[in-house]
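K.L.:
My questions all concern the structure below.
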Amino acid sequence: MSTRNLVSVDIPDADITKVKDLLKEIMDLLGSHLIALTPEERRTMLKMGDGSGPFVDKVLDYIDSNPQFLPAIIDPKEMKKDWKTWNQLVPILRLVDQLQSNLSDTIMEAGSELYADCLGYYGGTQFGVKMNYPDAKPIEEDLAKRFAGQGKRKKTPVVS
């Protein structure tokens, strides 16, 4: 039996359906405005973090007041569009990151609690087999399939 019970909720199916529908709607709204990068592209590109925002803001101001320093191959309209896009999407990403983190933590904890309890039940079936309880053997054999091929775990020697 699990000693922790941090996750003890019963989310109504209607709420889950509504969340899925809303997320689908968000994907539909933003999907045509988003891109996907390859791992190589992500690895090799310049990355702008929160600390670069004031620098970018200053550069855009200077471009307006002192355009003579702007290389001809750089389009200030595209820069402003990128800045607007960055400012629009970063707050959304922060919310999504919070949601993702909380979803991940909740799923991990619920799974941990559940799996620990299942292992406790499995241990009970193993004890039942040793005690020759009726019905214990076929249940234990069925559950043992999950661990087939893993062998017994070796105990790590204690170094003193």
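K.L.:
Considering region 110-134 alone, what residues qualify as being surrounded by 13 or more Cβ atoms within 10 Å (Cβ to Cβ) and aliphatic (A, V, I, L, M)?
P.N.:
Residues satisfying the conditions are Ala110, Ala116, Leu119, Val129.
K.L.:
I've got another one for you. Taking the conditions exactly as written (touching a Ser or Thr at 6+ places or on another chain (Cβ under 9 Å), surrounded by 11 or more Cβ atoms within 10 Å (Cβ to Cβ) and on the phi < 0 side of the Ramachandran plot), does Ile107 satisfy them or not?
P.N.:
Considered against the rule, which asks whether it is touching a Ser or Thr at 6+ places or on another chain (Cβ under 9 Å), surrounded by 11 or more Cβ atoms within 10 Å (Cβ to Cβ) and on the phi < 0 side of the Ramachandran plot, Ile107 comes out as no.
K.L.:
Tell me which residues, restricted to region 1-36, are among the hydrophobic types (A, V, I, L, M, F, W, C) and surrounded by fewer than 10 Cβ atoms within 10 Å (Cβ to Cβ).
P.N.:
Val9, Ile11, Ala14, Leu29, Leu34, Ile35, Ala36
K.L.:
Scan region 115-142 residue by residue and report those that are under 18 Å from Val9 (Cα atoms) and free of Cβ contacts under 8 Å to residues at least 24 places away in the same chain.
P.N.:
Listed by number, the list holds a single entry, Tyr115.
K.L.:
Pick from Ile74, Ile63, Ile26: which is closer than 29 Å to Leu103 by Cα, free of Cβ contacts under 8 Å to residues at least 24 places away in the same chain and aliphatic (A, V, I, L, M)?
P.N.:
Ile26 is the lone residue from the list that is closer than 29 Å to Leu103 by Cα, free of Cβ contacts under 8 Å to residues at least 24 places away in the same chain and aliphatic (A, V, I, L, M).
K.L.:
Within the bounds of region 61-73, is there any residue that is assigned to a helix (DSSP H, G or I) and hydrophobic (A, V, I, L, M, F, W, C)?
P.N.:
yes
K.L.:
Scan region 118-146 residue by residue and report those that are among the basic types (Lys, Arg) and closer than 25 Å to Arg4 by Cβ.
P.N.:
Correct list: Arg146 only.
K.L.:
Go through Val19, Val7, Val56 for me and flag whichever is touching a residue at least 24 places away in the same chain (Cβ under 8 Å) and within 28 Å of Asn102 (Cβ to Cβ).
P.N.:
It is Val7.
K.L.:
Check region 80-91 and report whether any residue there is assigned to a helix (DSSP H, G or I) and more than 18 Å from Asp50 (Cβ to Cβ).
P.N.:
Yes.
K.L.:
From Arg4, Arg42, which residue is at pLDDT below 95 and either more than 27 Å from Ser104 (Cβ to Cβ) or not acidic (Asp, Glu) (or both)?
P.N.:
None of the others qualify; the one that does is Arg4.
The values are calculated or read from the model by the stated rules, or taken from the named source; none is laboratory data. Values in this document were obtained by computation on a predicted structure and should not be read as measured data. Backbone-built Cβ (ideal geometry, glycine too); neighbour counts: all protein chains shown.
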